[in-house]
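Trainee: Quick one: structure below, then a few questions.
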Amino acid sequence: PRVPHPPRPVEPPRAGRRVHLRQDDAKEAIVHVSFPLCASDHPDVPALDVLAMLVGQGDSSRMSLEVKRRRQLVRGVHCSAYTPKDPGLFTLTLTLQPEKLAEALDVSLALLLQAREELLDAAELETVKALVEAEGIYQRETVQGLAEKLGYHASGAGGLEAEAKYRADVAALTPEHLRDVASRWLDVRVASLTALLPNGTAFTEADAHAALQRAENPQPVTVPARRLPPAHDGLRSTGAKPGARDVDVRLSCGTRLLVRPEPGIPLAALRGAFVGGTRHETEATCGLHHLLARTLPRGTPSLEPEQVSHLLDDMAGSLSAAAGRNSLSLRAEFLSRHLGRALELFADTLLRPALLPAELERERKLVLQDISTREDKPSGLAFHLFHQALFQRHPYRMQVGGEEASVRALTREQLAAHHARLMTPQRLTLAVVGDVDVDEVVRLAETHLGKAPSAAGGAEPTVADEPRPAAPRVNVRELQRAQVHLVYGFRGVTLRDPRRRALEVLSTVLSGQGGRLFVELRDKKSLAYSLSSYSVEGLDPGFFAVYVGTSPEKVPEALAGIREELRRVRDERIPEAELDRARLHIIGTHEIGLQRNGARAGLLALEAAYGLPLEDVHAFSEQVLSVTADDARAVAEDLLRFDQAALGAVGPGVAGLQPPSA
């Protein structure tokens, strides 16, 4: 029989403000201001969600534009309305340098609390309504998203029919509704302010109380009028035709275009890829691709940065660029009916970016802040130390995000010159996946890319060969943390190496909660909090490594345990049942990861840009299933040589640490 839920304690009403600050060995401040809210079944929930989106979610939200972009007071700002089954919280979150904390709090709270007195812009509200509708469409792209939505509404929001009511309530909202809801719930007299601050920050609990006191009568913040992009002809793109097939063509400008129609959900994704990344950098230009990628989407010759943000909202889309070790890519996702506008914006961003000096400086500051906080992420630092130990000549030794000195020295002229050399139409691979008509995609791509001016670009840079280590190498950093983070590994294989799949299988045998490392070192011996193995390939040989987070006193035993498990997979044949579990896990994870249009477009674009046969994309499962125990053992015998290993370590007491003996 069904057992009733035990009675839950009721949170008493707040009688006043609450403040709690904590200083620690951190590089930046993280601040939360929260207000008590209602539960999920309250009729104000739709308005609270929309208010949070309008004020503090996304690049075109009021706080992002004013506090982050215009005033450059924070690295990150976000608002959310958390309304679970019992009363929740409306939260404002700031990530910033501590010296800007007081000003950032004043401006952010003033912006938020203005919603209590002023009517928010009706055009902004309509855009957010469209984004809420689109969010439901994006959620249907994966089985996880659909299950989450069904489970949430069935268990905590009043039943499956509650979603339709929620969307109808959102559609009916007016600026007056938002003002009324804000005036009821955003009461600074019962706000809580909590913060994690770097040691030595001159911001006290008295300062926090004073900031909340000032927020009761804030100075008004003038919000500039929403600058809409130029009007569009309103044409809507058509969806995929039944029976349409994939297309692989060359445009007149030399761009390789790949189109995969995926009908069913009215979404589309674009991925444009160029070979480049850290592999094309030097110590002096380290971080160039990363800074260029961050600046690319910040304006075109015809659109200012804020207009780009508003246009993306109008299309319920996103646009971003990313730099890696081997490539630079641009990504976009949007409702497929906006294909024409999206492809035009995509082409302008790729081939004709404004690279505005003010935007470059904004992004440079954010990158430098990221660099300054690396010690707050010791596992990532351990991997970097490992890379430096394993690669002493090859650019893979460098941080993708760059170093402080190199990022400070990069100029707009360098970025523009590198863009002209690298990002030519002839070097572009563009993949389009989604509910699109193939012929329309080809026509639009030819319109917006095919007429791009021909550019010779430049010769591919010479990349230094990296021989295997002649002896074990160690690179450590003393850092006072509760854990020691270790990365121990070897030179790996390239993307074109036929042994690539065998190495993936070998890594999976070791990794995961059912893998040998987890079972032997954590479950049986309690030597680690977290651990995994990685096979990372590149256009040049990458690496195979094991990561472990452990207690300082267990480091020698943990390293010995890693060595023993690596020796076993190298010297002993993996049982067929274990091998089969690993193969099926790889295939299942791969398929789950390709549910989204964006993931499929990214895979197609990068594989083609790297010169890999696209048949491998379709033959992935067969390639993995064909890996034998002999294949796995052969690649292990070749790579897992303890006399050629590298070790990166971060934590207390790591000075003088040596890798396991050969």
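The values are calculated or read from the model by the stated rules, or taken from the named source; none is laboratory data. Only a predicted model underlies this, so the values are computations on that prediction, with no experimental measurement involved. With ideal geometry, Cβ positions are generated from the backbone for all residues, glycine too; neighbour counts draw on all protein chains shown. We work out accessible area using only protein heavy atoms, side chains counted, and drop any ligands, DNA or RNA first. Shrake-Rupley method; radii C 1.70, N 1.55, O 1.52, S 1.80 Å.
Trainee: Could you tell me which residue of the stretch 293-304 is farthest from Ala464 (Cα to Cα), considering only residues that are open to solvent by less than 10 Å² (accessible area, probe 1.4 Å) and touching a strand residue (DSSP E or B) at 6+ places or on another chain (Cβ under 7 Å)?
Mentor: Leu296
Trainee: If you check Val107, Val67, which single one turns out to be in contact (Cβ under 8 Å) with a residue 40 or more places away in the chain, touching a Leu at 6+ places or on another chain (Cβ under 6 Å) and in a helix (DSSP H, G or I)?
Mentor: Of the residues listed, the single one that is in contact (Cβ under 8 Å) with a residue 40 or more places away in the chain, touching a Leu at 6+ places or on another chain (Cβ under 6 Å) and in a helix (DSSP H, G or I) is Val67.
Trainee: Right, something else. Looking at the stretch 313-351 only, could you name the residues that are part of a helix (DSSP H, G or I) and either among the charged types (D, E, K, R) or under 18 Å from the mean Cα position of the chain (by Cα) (or both)?
Mentor: Once the filter is applied, which keeps residues that are part of a helix (DSSP H, G or I) and either among the charged types (D, E, K, R) or under 18 Å from the mean Cα position of the chain (by Cα) (or both), the stretch 313-351 yields Asp313, Asp314, Arg337, Arg341, Glu344, Asp348.
Trainee: Residues to consider are Asp86, Asp59; find the one that is of a type outside the set (A, V, I, L, M, F, W, C), buried (at least 16 other Cβ atoms within 10 Å of the Cβ) and assigned to a loop (DSSP other than H, G, I, E, B).
Mentor: Asp59
Trainee: Mind listing whichever residues of the stretch 135-185 are farther than 27 Å from Leu120 by Cα, of a type in the set (A, V, I, L, M, F, W, C) and assigned to a helix (DSSP H, G or I)?
Mentor: Hits for the stretch 135-185 are Val143, Leu146, Ala147, Leu150, Ala154.
Yes or no, residue by residue, for (1) within 30 Å of Phe543 (Cβ to Cβ); (2) of a type outside the set (Lys, Arg):
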| position | (1), (2) |
| --- | --- |
| Glu403 | yes, yes |
| Arg427 | yes, no |
| Arg443 | no, no |
| Asp465 | yes, yes |
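Trainee: Of the residues Glu118, Glu124, which single one is touching a residue at least 12 places away in the same chain (Cβ under 8 Å) and either open to solvent by less than 10 Å² (accessible area, probe 1.4 Å) or part of a helix (DSSP H, G or I) (or both)?
Mentor: Working: Glu118 fails: either open to solvent by less than 10 Å² (accessible area, probe 1.4 Å) or part of a helix (DSSP H, G or I) (or both).
Selected residue: Glu124, the only one of Glu118, Glu124 that is touching a residue at least 12 places away in the same chain (Cβ under 8 Å) and either open to solvent by less than 10 Å² (accessible area, probe 1.4 Å) or part of a helix (DSSP H, G or I) (or both).
Trainee: Give me the strands (runs of 3 or more DSSP E) completely within the stretch 232-298, filtered to those with at least 1 residues that are within 20 Å of Leu312 (Cβ to Cβ), ordered by residue number. Let's see the steps before the verdict.
Mentor: Working: elements: 247-250, 256-261, 267-275.
Filter on the stretch 232-298 gives 267-275.
Trainee: Which condition from (1) in a strand (DSSP E or B); (2) hydrophobic (A, V, I, L, M, F, W, C); (3) open to solvent by 100 Å² or more (accessible area, probe 1.4 Å) is the one that Val3 breaks?
Mentor: Single failed check for Val3: (1).
Trainee: Examine the stretch 182-205 for a residue that is among the β-branched types (Val, Ile, Thr), more than 30 Å from Arg22 (Cβ to Cβ) and surrounded by 13 or more Cβ atoms within 10 Å (Cβ to Cβ), and state whether such a residue exists.
Mentor: Taking the stretch 182-205 first, the residues among the β-branched types (Val, Ile, Thr) are 188, 190, 194, 201, 204.
Now restrict to residues that are more than 30 Å from Arg22 (Cβ to Cβ): none.
Looking through the stretch 182-205, none of the residues is among the β-branched types (Val, Ile, Thr), more than 30 Å from Arg22 (Cβ to Cβ) and surrounded by 13 or more Cβ atoms within 10 Å (Cβ to Cβ).
Trainee: If you take the residues of the stretch 518-535 that are among the hydroxyl-bearing types (Ser, Thr, Tyr) and assigned to a loop (DSSP other than H, G, I, E, B), which of them is farthest from His394 (Cα to Cα)? Walk me through it before giving the result.
Mentor: Looking only at the stretch 518-535, we keep the residues that are among the hydroxyl-bearing types (Ser, Thr, Tyr), and these are 526, 529-530, 532-535.
The next check asks that each one be assigned to a loop (DSSP other than H, G, I, E, B); those that pass are 526, 529.
Numbers: Ser526: 37, Tyr529: 32 Å.
Only one residue fits best here, namely Ser526.
Trainee: Could you list all residues from the stretch 508-531 that are basic (Lys, Arg) and surrounded by fewer than 19 Cβ atoms within 10 Å (Cβ to Cβ)?
Mentor: Across the stretch 508-531, the qualifying residues are Lys524, Lys525.
Trainee: Which one of these does Ala162 not meet: (1) within 30 Å of Thr589 (Cβ to Cβ); (2) open to solvent by less than 50 Å² (accessible area, probe 1.4 Å)?
Mentor: Condition not satisfied by Ala162: (1).
Trainee: Looking only at residues that are among the aliphatic types (A, V, I, L, M) and open to solvent by 30 Å² or more (accessible area, probe 1.4 Å) in the stretch 352-378, which one is farthest from Ser320 (Cα to Cα)? Walk me through how you get there before you give the answer.
Mentor: Residues of the stretch 352-378 that are among the aliphatic types (A, V, I, L, M), as a first pass: 354-356, 358, 360, 366-368, 371.
Add one more test, that the residue is open to solvent by 30 Å² or more (accessible area, probe 1.4 Å), and what stays is 356, 358.
Numbers: Leu356: 16, Ala358: 18 Å.
Only one residue fits best here, namely Ala358.
Trainee: Taking the condition of being of a type in the set (Val, Ile, Thr) and buried (at least 23 other Cβ atoms within 10 Å of the Cβ), how many residues in the stretch 494-507 meet it?
Mentor: 1
Trainee: Give all pairs with beta carbons closer than 7 Å in which a residue from the stretch 24-53 that is surrounded by fewer than 22 Cβ atoms within 10 Å (Cβ to Cβ) meets a residue that is among the small types (Gly, Ala, Ser) and assigned to a helix (DSSP H, G or I); count only pairs at least 6 apart in sequence or on separate chains.
Mentor: Sorted first by the residue in the stretch 24-53, then by its partner, the pairs are Lys27/Ser372; Ser40/Gly156.
Trainee: On to the next question. Would the stretch 67-80 turn up any residue that is open to solvent by 10 Å² or more (accessible area, probe 1.4 Å), among the β-branched types (Val, Ile, Thr) and closer than 26 Å to Pro9 by Cα?
Mentor: no
Trainee: If you don't mind, there's one more thing I want to ask. Here is a list: Ala431, Ala417, Ala405, Ala382. Which entry is loosely packed, with under 15 Cβ neighbours inside 10 Å, closer than 30 Å to Tyr534 by Cβ and aliphatic (A, V, I, L, M)?
Mentor: None of the other options fit; the residue is Ala405.
Trainee: Step by step: first the residues of the stretch 536-546, then only those that are open to solvent by less than 30 Å² (accessible area, probe 1.4 Å) and assigned to a strand (DSSP E or B), then the one that is farthest from Ser511 (Cα to Cα). Which residue is that?
Mentor: The selected residue is Gly538.
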